[in-house]
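Here's the structure, in structure tokens; my notes come after.
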Amino acid sequence: MEHKQQEMLDLLDEIYWNEGYSYGIEYFSQFLHEIVKYDFAKILACQAKFPLEYVLSFILSTFSLWINFSDTDWIRIMSVLNPRPKPFSIEIFDAGYVDIHFLCKYMRVNAIKLFLQQDKFSNEDKKRFFSTLVK
């Protein structure tokens, strides 16, 4: 693993494990000067191991990192997160589909349709994702 990626992983672990002392915009803003060094898509991909609620809080609290993103930027983020580690289910509180959650819930974007329309995503990923929607 390259040094820069390991530094990012260490930073994300530090942020996650210390969040209980403070939270929200006030908490995450103290790390922005370090977070901006890394690609936002890779940051989200690495945070898929954390609980969904935490990662959503991270995204909402660091809006300066993504506020000007276009559809193309979000599709690139979806690409970095694929293949997904496991199918998302409403009962599972992992962040494997945090991008889709965030776009649908907070940005009111039909991210499900956007995800399924992407030719570069494997049919297997689409089938797994679609099967979680019809449960």
Task: Mean accessible surface per residue for the chain, computed with a 1.4 Å probe while every protein chain stays in place, in Å² - done: 59
- [ ] Run the accessible area of the chain with a 1.4 Å probe and give the carbon-and-sulfur part as a rounded percent.
- [x] 55
Task: Among 20-33, 53-66, 103-116, the order from most to least packed when residues are scored by Cβ within 10 Å on average - done: 53-66, 103-116, 20-33
Open item on the list: Heavy atoms of the protein only, probe of 1.4 Å, neighbouring chains included. What is the accessible area of residue 42 in Å², nearest 10?
Closed with: 110
Task: Correct choice for Cα extents along the principal axes in Å that was computed from the model, options (1) 44, 28, 28; (2) 53, 35, 32; (3) 39, 30, 28 - done: (3)
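Over 30 Å between Cα atoms, which of 37/120; 4/113; 37/105; 4/127 qualify?
Numbers: 37/120 27 Å; 4/113 34 Å; 37/105 27 Å; 4/127 34 Å.
Over 30 Å Cα-Cα: 4/113; 4/127.
Any idea what the relative contact order of the chain is, in percent, if you count C-alpha pairs under 8 Å spaced at least 6 apart?
Relative CO of the chain lands at 23 percent.
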- [ ] Could you give the size of the charge dipole of the chain about its Cα centre, using +1 on the Cβ of each K and R and -1 on the Cβ of each D and E, expressed in debye and rounded to the nearest 20?
- [x] 720
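The values are calculated or read from the model by the stated rules, or taken from the named source; none is laboratory data. Please read these numbers as outputs of a predicted model, since none were measured by experiment. Note that we place each Cβ from the backbone using ideal geometry, even for glycine, and neighbour counts take in every protein chain shown. Surface areas here come from the heavy atoms of the whole protein model, side chains and all, with no ligands, DNA or RNA. Shrake-Rupley method; radii C 1.70, N 1.55, O 1.52, S 1.80 Å.
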